[in-house]
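The values are calculated or read from the model by the stated rules, or taken from the named source; none is laboratory data. A quick note: this is a predicted structure, and the numbers were derived from the prediction, not measured. Neighbour counts are summed over all protein chains in view; Cβ atoms, including those assigned to glycine, are modelled from backbone coordinates with ideal geometry. Quick note on the areas: whole protein, heavy atoms, side chains included, nothing else; ligands and nucleic acids left out. Shrake-Rupley method; radii C 1.70, N 1.55, O 1.52, S 1.80 Å.
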Amino acid sequence: MNLERLPNEEKLSLCRKYYLGGFAFLPFLWLVNVVWFFQEAFLKPTYTEQLQIKTYVKRSALGLVLWVTVLTTWITIFQHFRAQWGAVGDYLSFTIPLGIP
Amino acid sequence: MNTSDSDDDFYNERTALVPSENPVVPSYKPDPDLTPTNSTPTTRVKPGASRRSGPACVDSGGSDQEVDADDEELTLKYGAKHVIMLFIPVTLCMVVVVATIKSVSFYTEKTDQQLIYTPFTENTPSVGLRLLNSVLNTIIMISVIVVMTIFLVVLYKYRCYKFIHGWLILSSLMLLFWFSFMYLGEVFKTYNLAVDYPTVGVIIWNFGAVGMICIHWKGPLQLQQAYLILISALMALVFIKYLPEWSAWVILGAISVYDLVAVLSPKGPLRMLVETAQERNEPIFPALIYSSAMVWTVGMASPVDAQRSEYETDEEAEQSAGRAEPESRRPRSGPDEELEEDRGVKLGLGDFIFYSVLVGKAAATGGDWETYIDSSFIIIWIGLCLTLLLLAIFKKALPALPISITFGLVFYFSTDFLVQPFMDNLAAHQFYI
């Protein structure tokens with residue numbers, strides 16, 4: 001898929017769909033949105049839909065940062081407190097490391 | 001892993017398309033079939049110099065001659081360029097497979113679980129029986145693949161596109177979610193990390209959903225290529241794990257023969273697929289094909305076709321022995337505008353998979369694996385280059401498996417029996433060459 005070849009309306013529509021899709025717990029989609037449309041939104045000469053694309057890209061970036069923060073916090077908490085949580089910790093664990101922590 | 005049910009469905013889809021197709025488009029000559037009556041320059045393909053081919057649309061006659069003259073010199077350049085374009089993905093796929101095999105022991109542990117497609121066990125005491133069993137396994141596997149391919153060709157002929165799409169989607173779902181879940185679990189176990197379900201859930205969900213979007217809908221080209229590579233690697237790993245030793249080698253050999261037959265013989269299913277697609281002026285299943293450049297058709301093509309032409313999927317491609325195809329779609333936004341060409345080569349994902357299986361199995365044999373890796377890798381490369389060269393000469397869909405796999409097998413076994421003891425002896429006698 002080459003963005004160059006799409007007409008502007010379709011670019012906008014694609015950007016919007018990626019943005020909306022990211023709300024389904026898909027920060028990766030937001031990341032793809034940001035990276036893919038970054039050039040379109042900020043580095044190209046202005047065209048009509050560019051403003052909206054910019055908004056979507058910015059919001060995707062915001063959502064992404066939020067998700068990253070939440071995930072990092074959760075992972076840190078989990079790794080730190082897993083052993084102390086006992087049964088709950090095990091229940092939450094997908095893989096349990098062997099050996100003594 | 002439960003081999004019967006989950007693998008079954010999956011396998012059905014996978015083996016279905018044994019060799020999936022690439023549009024057979026002669027790269028250097030304009031294909032009269034594909035030139036639509038409305039004088040739109042969809043099919044003019046010239047290697048390299050796009051300017052020349054520019055508005056060659058309508059006056060096909062004139063440009064033909066001058067194109068032919070330049071064909072010869074461009075042939076080599078064309079072939080070389082495509083070898084390079086394919087170098088990275090195939091190498092990446094092999095690297096991923098080898099890295100996993102070497103680090104995650106799960107994939108080399110022998111279990112007694114086998115896929116239902118290879119019901120005969122190899123745990124027999126006698127060599128003859130083991131050989132017989134592996135041959136039988138191969139026969140079963142190949143016949144499953146043949147049946148699936150024929151089924152697919154029939155579906156395609158009768159335009160049951162919805163069915164095919166549904167099948168592909170189901171199959172890619174399984175690959176993207178279930179297999180990567182397993183893979184991730186094994187990697188975490190190997191590195192002794194504690195990971196919790198919510199995190200894993202988010203990771204797999206993201207990976208899978210974005211994968212589905214990229215592959216079946218629209219997404220950035222590089223990401224799509226990356227997903228296809230990852231999926232091929234996953235499939236190859238599954239094969240390496242669940243196919244018994246000898247069966248795997250025999251299957252590799254048999255499938256390259258099948259590939260040869262299916263693509264080149266006039267009644268071969270793949271050839272029929274190609275011809276049908278040509279008649280209908282459609283890109284042949286961009287699904288299951290790895291394309292190194294972008295396909296973009298616009299304008300006259302119906303929305304469905306345009307969609308499908310940007311549509312690169314994979315799963316079934318597992319079995320799709322690839323065609324190395326010269327890419328020749330022309331994007332057009334209007335007859336007056338400068339016409340560009342997207343040149344690229346298409347290689348079926350099945351090729352990725354089987355190359356990786358070859359290299360992975362070489363890596364999986366214990367001991368001095370570096371020798372095997374190096375030889376397998378280089379051999380496959382030589383094979384691929386030869387295939388591409390042939391492609392440039394013959395300019396039609398070619399099976400990409402036979403040459404590489406044959407060389408690969410020959411060299412693997414000869415390395416095993418000849419080079420290895422040779423090196424050992426040299427080392428034992430402290431004789432360095």
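Details
- In the range B:112-160, of all residues being among the polar types (S, T, N, Q), touching a residue at least 24 places away in the same chain (Cβ under 8 Å) and part of a loop (DSSP other than H, G, I, E, B), the one that is surrounded by the most Cβ atoms within 10 Å (Cβ to Cβ) corresponds to B:Thr118.
- Residue match in the range B:404-411 (condition: within 24 Å of B:Val95 (Cβ to Cβ), without any contact (Cβ under 8 Å) to a residue 60 or more places away in the chain, assigned to a helix (DSSP H, G or I) and in contact with a Phe, Trp or Tyr (Cβ under 6 Å, 6 or more places away or on another chain)): no
- Every test in (1) closer than 27 Å to A:Arg5 by Cα; (2) in contact with a Lys or Arg (Cβ under 6 Å, 6 or more places away or on another chain); (3) without any contact (Cβ under 8 Å) to a residue 12 or more places away in the chain is passed by B:Gln222 save one, and that test is (2).
- Any helices (runs of 4 or more DSSP H) falling wholly within the range A:21-101 and containing at least 3 residues that are at negative phi, more than 8 Å from chain B (Cβ to nearest Cβ) and touching a Ser or Thr at 6+ places or on another chain (Cβ under 6 Å): A:27-42
- Of the helices (runs of 4 or more DSSP H) entirely within the range B:170-272, those holding at least 2 residues that are within 14 Å of chain A (Cβ to nearest Cβ) and open to solvent by 10 Å² or more (accessible area, probe 1.4 Å) occupy B:180-190, B:197-216, B:221-242.
- Every residue from the range B:214-256 that is β-branched (Val, Ile, Thr) and closer than 17 Å to B:Phe120 by Cβ: B:Val250, B:Ile251
- Note on the range A:21-49: residues that are of a type in the set (D, E, K, R) and open to solvent by 80 Å² or more (accessible area, probe 1.4 Å) amount to 0.
- Just one of the numbered conditions (1) modelled with pLDDT under 90; (2) open to solvent by less than 60 Å² (accessible area, probe 1.4 Å) is not true of A:Ala61: (1).
- Yes/no for B:Val210 being farther than 29 Å from B:Pro244 by Cβ and at pLDDT 90 or above: yes
For every residue, the table says whether it meets (1) over 30 Å from B:Val200 (Cα atoms); (2) at pLDDT below 85; (3) crowded, with 17+ Cβ neighbours inside 10 Å; (4) β-branched (Val, Ile, Thr).
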| residue | (1), (2), (3), (4) |
| --- | --- |
| A:Glu10 | yes, no, no, no |
| A:Arg16 | no, no, no, no |
| A:Tyr19 | no, no, yes, no |
| A:Leu51 | yes, no, no, no |
| A:Thr55 | yes, no, no, yes |
| A:Thr69 | no, no, no, yes |
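- Pairs with Cβ under 9 Å, 6+ apart, first in the range B:185-199 and touching a residue at least 12 places away in the same chain (Cβ under 8 Å), second among the hydroxyl-bearing types (Ser, Thr, Tyr) and surrounded by fewer than 16 Cβ atoms within 10 Å (Cβ to Cβ): B:Glu186/B:Ser105; B:Val187/B:Ser103; B:Thr190/B:Ser103; B:Thr190/B:Ser105
- Sole residue being surrounded by 19 or more Cβ atoms within 10 Å (Cβ to Cβ) and aromatic (Phe, Trp, Tyr), chosen from B:Phe417, B:Phe352: B:Phe352
- Residue check for A:Arg82: surrounded by 12 or more Cβ atoms within 10 Å (Cβ to Cβ), touching an Asp or Glu at 6+ places or on another chain (Cβ under 9 Å) and not hydrophobic (A, V, I, L, M, F, W, C): yes
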